[in-house]
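A.B. asks: Just dropping this structure here.
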Number of protein chains: 2
Amino acid sequence: MKPLGPIPAGYEPKDGELAIGGRTARELVAEAGGTPVFVYSRSHLDRRVAELRAAMPARLAIHYAVKANPWRPVLQHMAPLVEGFDIASGGELAMVVEAGIDPELVSFAGPGKRDAELEAAIAAGATLNSESEGEVRRALAIGGRIGRPPRIAIRVNPDFELRGSGMKMGGGAKPFGIDAAHVPAIARELIVAGAEWRGLHIYTGSQALDAEAIAETQGNVLDLADRLAREVDHGPLPKLNMGGGFGIPYFAGDDPVDLALVGEKLAERFAALPGTLADTDLCIELGRYLVGEAGVYLCEIVDRKESHGETYLVTDGGLHHQLAASGNFGTVVRRNYPVAIATRFGAEADDEANVVGCLCTPLDRLADKARLPRAEVGDLVAVFCAGAYGATASPAMFLGQGPARQLLV
Amino acid sequence: MKPLGPIPAGYEPKDGELAIGGRTARELVAEAGGTPVFVYSRSHLDRRVAELRAAMPARLAIHYAVKANPWRPVLQHMAPLVEGFDIASGGELAMVVEAGIDPELVSFAGPGKRDAELEAAIAAGATLNSESEGEVRRALAIGGRIGRPPRIAIRVNPDFELRGSGMKMGGGAKPFGIDAAHVPAIARELIVAGAEWRGLHIYTGSQALDAEAIAETQGNVLDLADRLAREVDHGPLPKLNMGGGFGIPYFAGDDPVDLALVGEKLAERFAALPGTLADTDLCIELGRYLVGEAGVYLCEIVDRKESHGETYLVTDGGLHHQLAASGNFGTVVRRNYPVAIATRFGAEADDEANVVGCLCTPLDRLADKARLPRAEVGDLVAVFCAGAYGATASPAMFLGQGPARQLLV
């Protein structure tokens, strides 16, 4: 038996089924028109932002990192809840604009911005989080050509990392940002060239659960921003994107981030900011943390079979929608996500089964040796923590399958 | 420095650039309309099939496993070269039919076949490689309902595996096929029920480079097929799909499969087949082996930057098209695929650089610490072995990027 990850708070049974937004799993599938389907919960999105607001200093703005889930109804639901949107491509810029979001609220990070993407962002008034000296100079040239001074923040490659983060994006050689030592010179260059100076973006890692580590890193980010602002020597820093890093529990033994602790430590720092940061717009950018637990992936069992004494529940879903849950995306050792039988939600776990996808590859696993209520063909399987990096971070066209349905309730 | 994988045979420089089908990399990009682009080589496809024909016994039919690359021009190029097509979904059935391929040449394997997929395949006259007793019975019921006796082969979960294969699909509990011990009973059941008995499908693994291991496994497959045919006791076996397993070299130190050795051993076995297999249609199914080395992924360098003493070449491509090359698809330890600077092909490797994609994630790596000719913004990068499990086995929509262009030359 292998443990399953913890089911996020706020998912309850109704008539013996998992319910989301007051509808049972079967009602949701009927509404969507079939399986597989990603169901996103408005109340979970609202609650998560409210919890953050309650814990964090009022001064801290919250940005949504679109890459976690760029589906238009989700973007439109998030729009009134957050102060900004962080994008990672020209494609995401188009998605944000099509969702009716003001591009002046948008920051664009990413190490491989093409000229056409830079031009679209500059023309729309978005801020560039520039990743290299070369990119800054390309942006200045494009801004000159189209007669729009670019809005430029510098993404910093810091000399420290976020301890315990799932993905490290600082500390040593990295493709992201400009090494801290080289930031002041290029900042002065862009200011002299007439760009709108938008401050710094310091992103150190993602998917950390340790509140002490997050707080320590936020302190390091503020210290680094102060030091760089003094070295740039162009007055107070206009804006500082402090990055994200807040993780969600996926696996057995994971605990949620202690938000209160992060908020208290940040409030202490905010109460004693140096002059360089006293009037700075301060924000964090969160993707997975805002939307991850708000999503559930539902698929249907199409076969139940035995092989050499093990039971396999074969579903019509799989890694083509759930690459990370299958253990094939940046994972060394596969562990089970939170998974349940949605049509027997809360029933006694009296069976042990492997839950697999429909793809003809041994990589397509959704749960290994899981204790679950005994399920039959026609039952629905729920994979939780599916709101972020699910639909768009999976190879939807693999083996001719195509994308899943999506529903916001 | 980390070694690069071996560049497949048949790629030569022309005017200092990588040439495919007689056109230089820049000409190919211009023809495709930009980067990133997958370029597939007709002459490589032809040569690979010809090499196989020359080495294998004439009696052995060759099937193409569509999942490796289902792009229509590739399917249409393969159609006159092979005797059959193996599919893994209803989506792939539609692709094959749209490419003008006779569905009677098609076999459909896969553990999670939905009723609608079974019905489409039965109606089209495709053979089902059935994965469970439940699936056989669903197929019989659907065939009865639509008045078409289904064509059914049994996919066997063998008790042995393919030694050294990248993915094992036999030996112990598996979601694929029916345990060998249970095959005779279900075969007799479907024959009695009036289905067209199409024999056995025994797939043991994929991506093996050791010819001795492949030959040994093919021997085991023939032995198992003989034993099962005798136990089914319905005369000679009509058909045996012996699976695939032939790998291609991706990494430094990998050597190509010794085709001659596999062919010799198979010829010895074919010369002494038991009565159960004397008149059997014998085939192998290959995907990656037929198309993998025929594809090259070209992307453009959009930034060249230094960080803490390391050089990064940032391209407009990445893991959204090259998930496996990035080391994030069924890989434990990331190693470099064969990668080159396509616009300086054959030039002296006088630089060391990390080649990364444009995505804002540390997972997006195409080559680590690689010895390459010094490259600048605007140069093209080639990732080889991109013909199989590239375009459709990668999360094309990740970070708003979208699919790559494709070209067959």
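A.B. asks: Over chain A, what lengths in whole Å, largest first, do the semi-axes of the equivalent ellipsoid take, defined as the square roots of 5 times the eigenvalues of the alpha-carbon gyration tensor?
C.D. replies: The answer is 41, 22, 19 Å, longest axis first.
A.B. asks: Just to check I understand the Karplus step: with θ = phi - 60° and J = 6.51 cos²θ - 1.76 cosθ + 1.60, what whole-Hz values come out for the stretch B:86-100, glycine and proline as x?
C.D. replies: Calculated HN-Hα couplings, in order: 9, 10, 10, 6, x, x, 5, 4, 4, 5, 5, 5, 5, 7, x Hz.
A.B. asks: What does DSSP give for the stretch B:70-286 in terms of the percent of beta bridges that are antiparallel, rounded to the nearest 5?
C.D. replies: Of all bridge pairs located within the stretch B:70-286, approximately 10 percent are antiparallel.
A.B. asks: Report the full-extension gain for the segment B:Val377 to B:Ala267: residue separation times 0.36 nm, less the Cα-Cα distance, to one decimal in nm.
C.D. replies: Here the segment from B:Val377 to B:Ala267 would lengthen by 34.3 nm.
A.B. asks: So who's got an amide H within less than 5 Å of the one on B:Glu196, skipping anything under 5 residues away but keeping other chains? H placed 1.01 Å off N, in plane.
C.D. replies: Distant-sequence amide H within range of B:Glu196: B:Arg151, B:Ile152.
A.B. asks: Once both labels are modelled 7 Å past Cα along the beta-carbon direction, what's the A:Arg145-B:Ile191 spacing in nm?
C.D. replies: 7.2
A.B. asks: Let me confirm one metric for peptide B:398-409, namely the mean number of other chain beta-carbon atoms within 10 Å of its residues' beta-carbons.
C.D. replies: Shielding by partners across B:398-409 averages 4.
A.B. asks: Averaged over A:321-328, how many beta carbons belonging to a partner chain fall within 10 Å of each residue's beta carbon?
C.D. replies: 2
A.B. asks: Semi-axes of the equivalent ellipsoid of the protein assembly as shown: what are they in whole Å, largest first, if each equals the square root of 5 times a C-alpha gyration tensor eigenvalue? Let's see the in-between values first.
C.D. replies: Details: eigenvalues 468, 216, 84 Å².
Each semi-axis is √(5λ); the values are 48, 33, 21 Å.
A.B. asks: A further question on this structure: Got a sec? Charge dipole of the protein assembly as shown, +1 on Cβ for Lys and Arg, -1 for Asp and Glu; which of B:Ala386, B:Pro80, B:Val314 is way out at the positive end?
C.D. replies: B:Pro80
A.B. asks: Right, something else. Which residues' amide hydrogens lie under 5 Å from the amide hydrogen of A:Ser307, considering only partners 5 or more residues apart or on another chain, with H built in the peptide plane?
C.D. replies: A:Tyr312
A.B. asks: In addition: Bins of 5 Å, beginning at zero and ending with the bin holding the largest distance: percent of Cα pairs per bin for the stretch B:272-321, please.
C.D. replies: 4, 13, 12, 12, 10, 9, 9, 5, 5, 6, 4, 5, 5, 2
A.B. asks: I've got another one for you. Could you look at the stretch B:70-286 and say what percent of its accessible area is carbon and sulfur, using a 1.4 Å probe and all protein chains? Intermediate values should be presented prior to the final figure.
C.D. replies: Working: 3880 of 7510 Å².
That share works out to 52 percent.
A.B. asks: Rg to Rh ratio, the stretch A:287-409, alpha-carbon atoms and Kirkwood radius?
C.D. replies: Rg divided by Rh gives 0.94.
A.B. asks: Can you tell me what share of the DSSP beta bridges in chain A is antiparallel? A percent to the nearest 5 is fine.
C.D. replies: Just about 45 percent of them are antiparallel.
A.B. asks: A further question follows. With a probe of 1.4 Å, find how much accessible area the stretch A:70-286 has per residue, and write the answer as a whole number in Å².
C.D. replies: Working: 7520 Å² over 217 residues.
About 35 Å² of surface per residue is accessible.
A.B. asks: Here's a follow-up. With the alpha-carbon atoms as the only input, what is the per residue convex hull volume for the stretch B:27-117 in Å³?
C.D. replies: 132
A.B. asks: If amide hydrogens are placed 1.01 Å from N in the peptide plane, which non-local residues have theirs closer than 5 Å to the one on A:His201?
C.D. replies: For A:His201, whose amide H was placed from the backbone, the distant partners under 5 Å are A:Ile154, A:Arg155, A:Val156, A:Asn241.
A.B. asks: Shifting gears a bit: Quick one: check the C-alpha center-to-center distance for the stretch B:219-272 versus the stretch A:240-301, whole angstrom.
C.D. replies: Cα centroid of the stretch B:219-272 versus Cα centroid of the stretch A:240-301: 55 Å apart.
A.B. asks: Using DSSP to define loop residues, name the GluC sites (Glu not before Pro) in the stretch B:38-102 whose beta-carbon has at most 12 other beta-carbon atoms within 10 Å.
C.D. replies: B:Glu83
A.B. asks: Could you work out how far helix B:259-270 tilts from the main Cα principal axis of chain B, as a 0 to 90 degree angle to the nearest 10?
C.D. replies: With rounding to tens, the tilt is 0 degrees.
A.B. asks: Can you give the alpha-carbon Rg of the stretch A:70-286 over 2.2 N^0.38 Å, where N counts its residues?
C.D. replies: Working it through for the stretch A:70-286, the quotient is 1.00.
A.B. asks: Please report, for B:Gly134, the nm distances (one decimal) from its label point, 7 Å out from Cα along the beta-carbon direction, to the equivalent points in the remaining copies, shortest first.
C.D. replies: Here the equivalent label points are 5.4 nm apart from this one.
A.B. asks: Translational diffusion coefficient, Stokes-Einstein: compute it for the stretch B:94-151 using the Kirkwood radius over C-alpha pairs as Rh, at 4 °C and 1.567 mPa s, and state it as an integer in µm² s⁻¹. It would help to have the intermediate numbers written out before the result.
C.D. replies: Working: Rh = 11.4 Å.
Rounded, D is 114 µm²/s.
A.B. asks: While we're here: Provide the percentage of antiparallel DSSP beta bridges, counting only those with both residues in the protein assembly as shown; round to the nearest 5.
C.D. replies: 45
A.B. asks: Go through the stretch A:123-136 residue by residue and turn each phi into a ³J(HN,Hα) via Karplus (6.51, -1.76, 1.60, θ = phi - 60°); whole Hz please, and just put x for glycine and proline.
C.D. replies: Each residue's phi maps through the Karplus curve to give 4, 7, x, 6, 8, 8, 8, 7, 9, 6, 4, x, 5, 4 Hz.
A.B. asks: B plus A alone minus the pair: what accessible area, both sides summed, probe 1.4 Å, in Å² to 100?
C.D. replies: Buried: approximately 5100 Å² between A and B.
A.B. asks: Just subtract the alpha-carbon distance of B:Ala30 and B:His308 from 0.36 nm times their residue separation and send over the number in nm, one decimal.
C.D. replies: Stretched fully, the B:Ala30-B:His308 segment lengthens by 96.5 nm.
A.B. asks: Next question. Say each of A:Glu51 and A:Val332 gets a label point 7 Å from the Cα, pointing the same way as Cα to Cβ; how far apart are those two points in nm?
C.D. replies: Result: 2.9 nm between the two label points.
A.B. asks: Name the residues of the stretch B:272-318 whose accessible area, probed at 1.4 Å, falls by at least 40 Å² once all protein chains are in place instead of their chain on its own?
C.D. replies: Residues losing area: B:Val302, B:Asp303, B:Lys305, B:Ser307, B:His308, B:Tyr312.
A.B. asks: Once you average over the residues of A:350-360, how many Cβ atoms of partner chains fall within 10 Å of each Cβ?
C.D. replies: Shielding by partners across A:350-360 averages 4.
A.B. asks: Compute the long axis of helix A:183-192 from its Cα atoms, compare it with the longest principal axis of the Cα atoms of chain A, and write down the angle in degrees, 0 to 90, nearest 10.
C.D. replies: In chain A, helix A:183-192 runs at an angle near 60 degrees to the longest axis.
A.B. asks: Tell me what chain A gives for mean residue ellipticity at 222 nm when only DSSP H runs of n ≥ 4 count, each as -39,500 (n - 2.57), the sum divided by the residue total, rounded to 500 deg cm²/dmol.
C.D. replies: -8000 deg cm²/dmol
A.B. asks: Where the only charges are on Cβ atoms (+1 Lys, Arg; -1 Asp, Glu), what is the dipole of the protein assembly as shown about its Cα centre, to the nearest 20 debye?
C.D. replies: Values: 80 positive and 106 negative charges, 124 e Å.
Once rounded to the nearest 20, the dipole reads 600 debye.
A.B. asks: With charges set only on the Cβ (+1 for Lys and Arg, -1 for Asp and Glu), what does the dipole of the stretch B:106-264 come to about its Cα centre, in debye to the nearest 20?
C.D. replies: For this selection, approximately 860 debye.
A.B. asks: Something else now. Roughly how many debye, to the nearest 20, is the charge dipole of chain A about its Cα centre, given +1 on each Lys and Arg Cβ, -1 on each Asp and Glu Cβ, and no other charges?
C.D. replies: On the way: 40 positive and 53 negative charges, 120 e Å.
Using Cβ point charges on Lys, Arg, Asp and Glu, chain A gives about 580 debye.
A.B. asks: Something else: Can you work out ³J(HN,Hα) from phi for every residue in the stretch A:359-374, in order, using Karplus 6.51 cos²θ - 1.76 cosθ + 1.60 and θ = phi - 60°, giving whole Hz and x for Gly and Pro?
C.D. replies: 6, 8, 8, x, 6, 8, 10, 10, 7, 9, 6, 9, 7, 9, x, 4
A.B. asks: So if we plug the beta-carbon distance of B:Ala347 and A:Lys369 into 1/(1 + (r/R0)^6) with R0 = 60 Å, what FRET efficiency do we get, rounded to 0.05?
C.D. replies: My answer for the efficiency is 0.70.
The values are calculated or read from the model by the stated rules, or taken from the named source; none is laboratory data. Please read all numbers here as calculations on a predicted model, not as lab measurements. Note that we place each Cβ from the backbone using ideal geometry, even for glycine, and neighbour counts take in every protein chain shown. To get the accessible areas, we keep the full protein, side chains included, count just its heavy atoms, and leave off ligands, DNA and RNA. Shrake-Rupley method; radii C 1.70, N 1.55, O 1.52, S 1.80 Å.
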